[in-house]
Amino acid sequence: MEFITAEEYLSHFYKLENAPKNLPLADENYMEQWREYSGQNFLDFIEERFSIETDKYKFSEPTKIKLTFTKTMGGNLPVIFTANHEDFVTMEALITGRNNLRKLPLTVNAFTISAKNKKIYGHRIILLNDAPYSNISADNFGLTADEWLKKSYKLRLRHEAAHYETLRIFGGMKNNALDEILADALGQIAAFGNFSAARQRLFFGLNGDKCTGRLQFYCQKVLEDERSLIYQAVDEVLDIVEKRICTALNENLSEKNILYMLAGQSIVDLAKNFKI
């Protein structure tokens, strides 16, 4: 793996000047094929429609795998929903055309995938698992387990839709702290109606320049002895993001405006007091 510095990582942002003016964008062409789904067993559907050999993959709860669709500013997308983490990992292998399973942490239960399976190559698909968001307990929010699962679904779905939006609108999609803040911000708004820096620290497993949770997964390409700089910068910038989003919501700004606001400025630029 080729490593990058903390400065390179934290300088990432999206250029907005060439972004399309009119949203949402038209659906990508492959969506017509997925629209043929009529509620039948999902594995049967992809076998019949795309000639994918699903029997090579072992699912523990195959009848609970569902297909729905979601609207985004980048166009509509198919959403595959699994009922447990093992089936989520297996479905990720199927979509990407691999026989081996990746070892994914329990905090990772969603992907926006560009399919590598040759039968559906290039199709963009959201893959979601039914689990508490970032493996955080409902007790942290004063919610019942069922209430938290419902909010987790909303948060996770909007998060993944945001990744697709940056891809189609700005031409890129990264597993970067900026992208994760952006996606979680829109997800928090969808699930809670606002953005909380404290809530986000829980989701990231972040405490100052220390991290024990999900944010670690997105910093694997950063030089190991510089990762604490990422955690410190993100910790600082979350309070700034909370204030900016609070102002935006009070001014009734659109989701498009919030997306553009978060995408167009790097963490280095946001965290003015932070020194690399």
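Cα centroid separation, segment 1-60 to segment 185-250: 25 Å. Listed by chain and number, the lysines whose alpha-carbon sits under 20 Å from that of LYS243, ignoring those within fewer than 8 places in the same chain, are LYS256, LYS272.
For the peptides 176-188, 110-122, the ranking by mean Cβ contacts within 10 Å, running from highest to lowest, is 176-188, 110-122.
A simple packing score, the average count of other Cβ atoms within 10 Å per residue, orders the peptides 64-73, 142-151 as 64-73, 142-151, with the highest score first. What percent does the relative contact order of segment 1-82 come to when contacts are Cα pairs within less than 8 Å and at least six residues apart? Dividing the mean separation by the residue count of segment 1-82 yields 32 percent. The distance between label points at GLN40 and GLU224 comes to 5.1 nm (points 7 Å beyond Cα on the Cα→Cβ vector). Largest first, the extents of the alpha carbon coordinates of segment 113-154 on the three principal axes equal 45, 14, 10 Å. The order of the peptides 205-213, 22-30 by mean Cβ neighbours within 10 Å, most packed first, is 205-213, 22-30.
Please list, or write none, the aspartates and glutamates whose alpha carbon is within less than 14 Å of the alpha carbon of LYS174, excluding same-chain residues fewer than 8 places away. Qualifying aspartates and glutamates at Cα under 14 Å: GLU8, GLU160, GLU165, ASP184.
Just one of (1) 63; (2) 58; (3) 54 is percent of Cα pairs over 23 Å apart as worked out from the coordinates here. Which one is it? Label (3) holds the value from this structure.
Calculate, for segment 83-153, the solvent-accessible area per residue in square angstrom, rolling a 1.4 angstrom probe over the heavy atoms of the protein chains.
Working: 3310 Å² over 71 residues.
So segment 83-153 comes to 47 Å² accessible per residue, rounded to a whole number.
Close Lys pairs in segment 1-127, defined as Cα atoms under 27 Å apart and 8 or more places apart or on different chains, number 27.
For segment 69-143, what relative contact order do you get, as a whole percent, if you take Cα pairs closer than 8 Å and at least 6 residues apart? Kindly include the intermediate steps, with their values, before the conclusion.
Working: 113 pairs, mean separation 24.7, N = 75.
Contact order relative to length: 33 percent.
Only Lys, Arg, Asp and Glu carry charge here, each on its Cβ (+1 for the first two, -1 for the last two); on that basis the chain has a dipole of about 240 debye about its Cα centre.
If one computes the Cα centroid of segment 82-127 and of segment 129-169, what distance in Å separates the two points? Their Cα centres are 18 Å away from one another.
The string of couplings for segment 245-260 from the Karplus curve (6.51, -1.76, 1.60, θ = phi - 60°) is 6, 4, 5, 4, 5, 5, 8, 6, 5, 6, 4, 4, 5, 5, 4, 5 Hz, one whole number per residue in order, with x for Gly and Pro. Estimated from helices alone, the mean residue ellipticity of the chain at 222 nm is -12500 deg cm²/dmol (sum of -39500 (n - 2.57) over DSSP H runs with n ≥ 4, per residue).
Backbone geometry of segment 48-54 corresponds, through the Karplus equation with coefficients 6.51, -1.76 and 1.60 at θ = phi - 60°, to 3J(HN,Hα) couplings of 6, 7, 10, 6, 8, 7, 6 Hz, x marking Gly and Pro.
The values are calculated or read from the model by the stated rules, or taken from the named source; none is laboratory data. All figures in this text were calculated on a predicted structure; none of them were measured in a lab. Using ideal geometry, Cβ is built from the backbone for each residue, glycine included, and neighbour counts are taken over all protein chains shown. We work out accessible area using only protein heavy atoms, side chains counted, and drop any ligands, DNA or RNA first. Shrake-Rupley method; radii C 1.70, N 1.55, O 1.52, S 1.80 Å.
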